[in-house]
Structure formats: C-alpha cells, structure tokens
Amino acid sequence: MPTITFTSQNGESTTIDDAEGDLMSLAVKHGVQGIEGDCGGVCSCGTCHVQVDPAWIDKTGPATDEEREVLDFEQSATANSRLCCQIEMSPELDGLVVRVVRS
Amino acid sequence: MTDPADPFSEQRRHDGVKLVRAEGQDVPLLLRLRDIKDVCNDTQSFSNDNPLMIILHSEAAVRDVRQLPIESDPPDHTEYRALVEPRFRRPKAPEYQAGIGAIIDSLLDDCLGSAEVEVVRGFALPLQSRGLAQLLGVDESEADLWISWGIHVFRDNELGPKGSELDRYLLAKIEEARESKGDDFFSELNRAEFRGRKLTVEEKHGFANMAFAGGRDTVIHTVSGVIAYVAQHPEALEFLREDANRINTAAEEFVRYVSPLTVITRTCPHATEVLGHEVAAGGRIGLCWPSANRDETVFRSPDQVILDRKPNPHIGFGFGPHNCLGQHQARAILRGLLRAVCDRVERVDLIAAEPEIEQESSYSRQVGYKSLRVRFCGR
C-alpha cells in the first residue's frame, strides 16, 4: 500500500503508510505540523501548501490553474508548489515525498 | 437581470472598479478577485491602521476604541493576532464542534416543535450568540443578554444605535476578570502580554469589541441564507446526504454565495493609483468581497449555488494577513448546521421572506434577510 512522507522546515518528517485519499486530509489526520486545511479541501485557503520533491513532480503533475489562483499569492511558492488537498494518493505515488512550507 | 446580491457585475467586467461615496470621498471599490488579493498582501501601501474606518462608513458614532487585531498592520498586527489566535482556532477540534452541534440540536428541537419560525431572530441570532459564548468560554446564559442586543451590536434596524451598551458591558467584564485565572476570553485578555507588557485596558477593549462586532450579522446572514436556500431548493438536502464531503463544500459555497460583508476598506498612507483612479494620501479604497466571489474569470457559473463546488477559491473570509479571525467558528457553525439539517429536517417550507437591502450612493445590494418566516418539517 502507498506511503507518503511529509518533511518539515526543521527537518522532521512524518511517514504515513497505507495512505488513502487526499494528502491534506491525511496530513491533518496525522497531525502534520504546518498543514491546516482550513477550508476542508476546496482550494480556497492555501493552508495546505507543499513543495513536491523534484523527483516526484512528474508523477504528481504541476499545480492546476485553480491551485495557481491561490499559490500565486503565497510567499515561497515555487514551480513545484501544490495545494496538497488537490493531490489524491494512488499506487503510482507510492513513496511520494513533499515538503511542508509553513512551520 | 442584475442579481440583487451582485450589483457589481457590469463594472467588474468593464474596468474592475466602482466608485461609492463615503465620508466625503469617492471611494474606488475593487471588484476583481486578483486585484483584491494583491491589495491584501500589500499592507504598506494599503493600510488597516486607521481606527474606526475599517468598514465603508466611519464607526465614530458607535464606538471609540481601535478594534484589534484588525485595525493594525504587521508587524504589530502579527503579534496582536497571535495573542488570540489559539482561542479562535479551537473550533477546529472535534469536541468543540460537538458543542456547537448540541447548540444547533437544541435550537432545532424548538424549531421542529413550532408551526412557524422567524429564522433571523428566532434561530440565526441565538445560534450565533450561543456559539460565541462557547468560543469565548463564558456561561451560556450570557448569550441571553447578547441576543437582546439584536442583529448588529452597534445598530439594529428595530432597536436603534446602542454601541455604548456593548462598551459598558465589555469594560465591566474585563474588570470583573482582572484577577481571574479562568479559561474565558476576558481572563485571557487580562493575562496576555504584548512585547513584554500587559495589554492596556484600551487594547483589551479593542479585542473584545472586535470579537462581538465581527462575526455577528455576517454569521446571522449566512445562516439565514442557508435556510432560505434549502426552503427554495428542496432537493438540496437529499443531494447533501448522498456524500458526506458535500457538507464542507456546501459550507464554503454558502460563504462565497452570500458573502455577507460587502466592503472592507484600506487607507493609503501615500498618494497612489488603483486601476486608473487616483487616491490622495490618507484616502481610502474598498475591497468588495461579494464581487470578487462572483468573478466570472475565476468561478464557473458564479451566480449559481453549486453545493459540491470544488475548487472554490473564494475570499469570503478575506485574504492575506488580515483574513477573518473568526473563520473557524463560522465554518463550525455552517458545517454543523448543514449536518444537523440533513439529519433531522425533511424540508423547510417558506412562508415569507423580506430581504435586507444595503443602500449606498452607487448601488444597493441584498445582504441576507430582515425577516425570514419558515416552517421546519422533521424527518
């Protein structure tokens, strides 16, 4: 079953096994620091901003236009930035690593 | 036909600005989502540090205290906000949400046992007030007094101006809790420290004033909007019941669609220009949230309520450093309301609705209801 790892600004990491559903809900459920998911996953609040590890960006794909609406106004957004409420776990993403932007 | 809740559509498409007369100035209101977000992130050019002037018209007649944290800019704002942010994030906890659910259930018990309910004063107002008592950690009985103050703590269409009563109440509560170690908001304000010193009475008063004024009519209008929508769209409840995720998406959609706060202003410390309109130093511009939330370049079918709209990049809770402190409370109330209505209500019959209309020099806009009479029918 797929695993996902969230790394934080201070180098800590949280690995979740048997990951199912969207990354924001997974992070909130497992208490990942810096992921709030205030709006419940509708791409409004920007509180689930992550940077996808460069090795994985081809598999997750870049931010959608709707995510860009939010990310364009976030400090420290990069080409690899995504709102993790918009990424669904799948077998292809087994081993995915994302970096949490907020501390 | 112009939607009564969005009188901005023509100018939003045309040049993105609408002028409105306020306090002797033609205030340019920004109408497009991206323009508003840009302004929100630039607090040096577009400042909140102008007490009593945060809404379109001066509030000098109804209060004399600077509301905190909203009427300040970073870096002060960041530190002020951090003092109260943990309390205002409590609504994210499941046990807190269970408390809000209990308040809603008790109100619905009364509604389901009545032949007719006036939603604004008979349901939304007590829900907002009892929810606030829970947020502030004070006895639920305090809410009875707040309910008697009406829809808006500063002015109520039926009860008239009454800001000073709120001020007397807040100052008394702060004084009463001076030595208290309690877990309530007033005791917390007395214990709080800002840059190594205690808050002044004026600062505590400013925080308390904001907590009472900020999320009142806005929450009441959105709750009323939800009930009105359900009454007019009986199929909505079944649609929501089909997928639990729709509670979240619907709550966000009602915030977008109702957008209960029409304008927040910013003051320009230096002369500037916004979309071709010159603003003198000390002049103001307005951020028009309902217009941003109907921006047709961002939202598909913006005039429709789409209960499972996702993505939904609305800014109904504002944007940037000054975004709504009470947003978690508002979400807990709206999600709890939708869940409870889905569980317990078969349908809502509309008896009569009288819209609340905001009248300004260049537009009028429906914001919720003056009165909304319905019958709740149980499942």
### Task
Specify which of the listed residues (B:HIS205, B:HIS221, B:HIS233) is open to solvent by 20 Å² or more (accessible area, probe 1.4 Å) and either out of contact with any His (no Cβ under 7 Å at 6 or more places or on another chain) or not aliphatic (A, V, I, L, M) (or both).
B:HIS233
### Message
For region B:146-168, check the following and say yes or no: at least one residue is open to solvent by 30 Å² or more (accessible area, probe 1.4 Å), assigned to a loop (DSSP other than H, G, I, E, B) and touching a residue at least 40 places away in the same chain (Cβ under 8 Å).
### Response
yes
## Note on the structure
If we ask which residues in region B:331-346 are buried (at least 20 other Cβ atoms within 10 Å of the Cβ) and either in contact with a Cys (Cβ under 7 Å, 6 or more places away or on another chain) or at pLDDT below 95 (or both), their number turns out to be 0
### Any hit, region B:315-327, residues being at the interface with chain A (Cβ under 10 Å from one of its Cβ atoms), in contact with a Leu (Cβ under 7 Å, 6 or more places away or on another chain) and crowded, with 17+ Cβ neighbours inside 10 Å
yes
### Query
Within the set of pairs 6 or more residues apart or between chains, which connect a residue that is within 14 Å of chain A (Cβ to nearest Cβ) inside region B:20-33 to a residue that is at pLDDT 95 or above with Cβ atoms less than 7 Å apart?
B:ARG32/B:ARG12; B:ARG32/B:GLY16; B:ARG32/B:ALA292; B:ARG32/B:ASP295; B:LEU33/B:ALA292; B:LEU33/B:ASP295; B:LEU33/B:ILE315
## Note on the structure
Log entry, pairs with first residue in region B:90-112 being in contact (Cβ under 8 Å) with a residue 12 or more places away in the chain and within 14 Å of another protein chain (Cβ to nearest Cβ), second being of a type in the set (D, E, K, R) and open to solvent by 20 Å² or more (accessible area, probe 1.4 Å), beta carbons closer than 9 Å, six or more apart or on different chains, reads B:LYS92/A:GLU36; B:GLN97/B:ARG335
### Query
Given the residues B:ARG284, B:ARG256, B:ARG294, which is the only one that is within 24 Å of the chain's Cα centre (by Cα) and under 18 Å from B:ASN48 (Cα atoms)?
B:ARG284
### Query
Which ranges mark the helices (runs of 4 or more DSSP H) fully within region B:1-91 that have 2 or more residues being closer than 28 Å to A:GLU67 by Cβ and open to solvent by 70 Å² or more (accessible area, probe 1.4 Å)?
B:33-41
### Residues within region B:308-363 that are in a loop (DSSP other than H, G, I, E, B) and either more than 17 Å from the chain's Cα centre (by Cα) or farther than 27 Å from B:VAL84 by Cβ (or both), tallied
10
### Query
If the Cβ limit is 7 Å and pairs must be 6+ apart or interchain, which residue in region B:332-359 that is closer than 13 Å to B:SER224 by Cβ pairs with which residue that is open to solvent by less than 60 Å² (accessible area, probe 1.4 Å) and of a type in the set (S, T, N, Q)?
B:LEU334/B:THR222; B:GLU354/B:SER371; B:PRO355/B:GLN366; B:GLU356/B:GLN366
### Single residue of B:ALA250, B:ALA281, B:ALA271 found to be more than 19 Å from B:ASP3 (Cβ to Cβ) and either surrounded by 21 or more Cβ atoms within 10 Å (Cβ to Cβ) or in contact with an Asp or Glu (Cβ under 6 Å, 6 or more places away or on another chain) (or both)
B:ALA250
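The values are calculated or read from the model by the stated rules, or taken from the named source; none is laboratory data. Note that the structure is a prediction, hence the values are computed from the model and not measured. Please note: Cβ atoms are built from the backbone with ideal geometry, for glycine as well, and neighbour counts cover all protein chains shown. Surface accessibility is based on the protein's heavy atoms, side chains included, excluding ligands, DNA and RNA. Shrake-Rupley method; radii C 1.70, N 1.55, O 1.52, S 1.80 Å.
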